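The values are calculated or read from the model by the stated rules, or taken from the named source; none is laboratory data. Because the structure is predicted, anything quoted here is derived from the model rather than measured. Note that we place each Cβ from the backbone using ideal geometry, even for glycine, and neighbour counts take in every protein chain shown. These area figures cover heavy atoms from the full protein model, side chains too; ligands, DNA and RNA do not enter into them. Shrake-Rupley method; radii C 1.70, N 1.55, O 1.52, S 1.80 Å.
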Amino acid sequence: MSTTAVFTVEGMSCGHCERTVTAGLTALNGVTNVTADAKSGQVTIESAEPLQDDQIRSAVTDAGFALVDRV
């Protein structure tokens, strides 16, 4: 069963930021697709199973950004 979650990420301002966040989240086990949009500040994550918000927050923080909240 595939799941989709959308989060607000603070600090993305360009394509490089989008790629950095995408790479960090794609590395999480079970993630099948990530779409980061700097203009809206949102990240959409598709995964095989639901992910824990703490896992996502950690990956975003490690990439140098701040996870604000689930949309």
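To the nearest 20 debye, what charge dipole does the chain have about its Cα centre, counting +1 at the Cβ of each Lys and Arg and -1 at the Cβ of each Asp and Glu?
Computed charge dipole of the chain: roughly 140 debye.
For the chain, what is the accessible area per residue in Å², given a 1.4 Å probe and the full set of protein chains? Intermediate values should be presented prior to the final figure.
Numbers: 4140 Å² over 71 residues.
So the chain comes to 58 Å² accessible per residue, rounded to a whole number.
For the chain, what does the helix formula give at 222 nm: sum of -39500 (n - 2.57) over DSSP H segments with n ≥ 4, over the residue count, nearest 500 deg cm²/dmol? Intermediate results must be reported in sequence, preceding the final value.
Values: 2 runs with 22 residues, N = 71.
One gets -9500 deg cm²/dmol as the mean residue ellipticity at 222 nm.
For a test of the definition: using alpha carbon positions, the gyration tensor, and the 1.5 limit on a/c, classify segment 19-71 as rounded, prolate or oblate.
The shape class here is rounded.
Stretch D37-V71 to full length: gain in nm at 0.36 nm per residue minus the Cα-Cα span? Don't skip to the end; give the middle numbers.
Numbers: separation 34, 0.36 × 34 = 12.24 nm, distance 1.36 nm.
Full extension from D37 to V71 adds 10.9 nm.
Of the heavy-atom accessible surface of segment 14-71 (probe 1.4 angstrom), what whole percent is carbon and sulfur?
The computed percentage sits at 48.
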